[in-house]
Amino acid sequence: MMSLSCLIKNFYDKNRNVIHYNKNLLISAIITAIADIAIVTLSASLFNENYLLISSVSLIADFIIFNSTFIVLLYKDKIIKKERLRQDLVKFLTTLGLSEVAYLVTKFTT
């Protein structure tokens, strides 16, 4: 019978990239949410009562902050290989871009 620590180590070894990927998603989301608070507050004070402009600024900032933070973290964790950086970035941006469309449309309409 294997010990619990051995089972955890085996699980981590098998799923290392998935764990780092999800960790990076979570960290990027938290950083984006914190930055978005400041951005929306500043936008609301600059563009008083112009909710369309405030939402647009927030969406653009969200997209830029989240994607750039996420890609930097992936590169740092060596999930994105230096040799294939351009190909991997295109894949990640396409995948994230498609999934972000639903989020951005929902956020913009609310």
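Gap in Å between the Cα centre of segment 41-78 and the Cα centre of segment 1-24? Segment 1-24 and segment 41-78 have Cα centres separated by 33 Å.
Each distinct pair of alpha carbons in the chain adds a 1/r term; the inverse of their mean, the Kirkwood radius, is 16.1 Å. Computed over the chain, the per-residue total of -39500 (n - 2.57) for DSSP H runs of n ≥ 4 gives a 222 nm mean residue ellipticity of -29500 deg cm²/dmol, rounded to 500.
Around the Cα centre of the chain, unit charges on the Cβ atoms of Lys, Arg, Asp and Glu (plus for the first two, minus for the last two) sum to a dipole of about 680 debye.
The relative contact order of the chain, computed from alpha carbon pairs under 8 Å that lie at least 6 residues apart in sequence, is 27 percent.
Would you mind computing, in nm to one decimal, how far apart the modelled labels at Ser3 and Asn17 are, each placed 7 Å from Cα along Cα→Cβ? Between Ser3 and Asn17, the label points sit 3.0 nm apart.
Can you tell me what percent of all Cα-Cα pairs in segment 27-85 are more than 15 Å apart?
54 percent
Placing dummy labels 7 Å off each Cα toward the beta-carbon, the span from Ala29 to Tyr103 is 0.8 nm.
Every read-out reported here was derived from the displayed coordinates using simple, explicitly stated rules and does not represent laboratory data. In this text, all values refer to a predicted model and were calculated from it rather than measured experimentally. Heads up, the Cβs are rebuilt from the backbone with ideal geometry, glycines too, and the neighbour counts pull from every protein chain shown.
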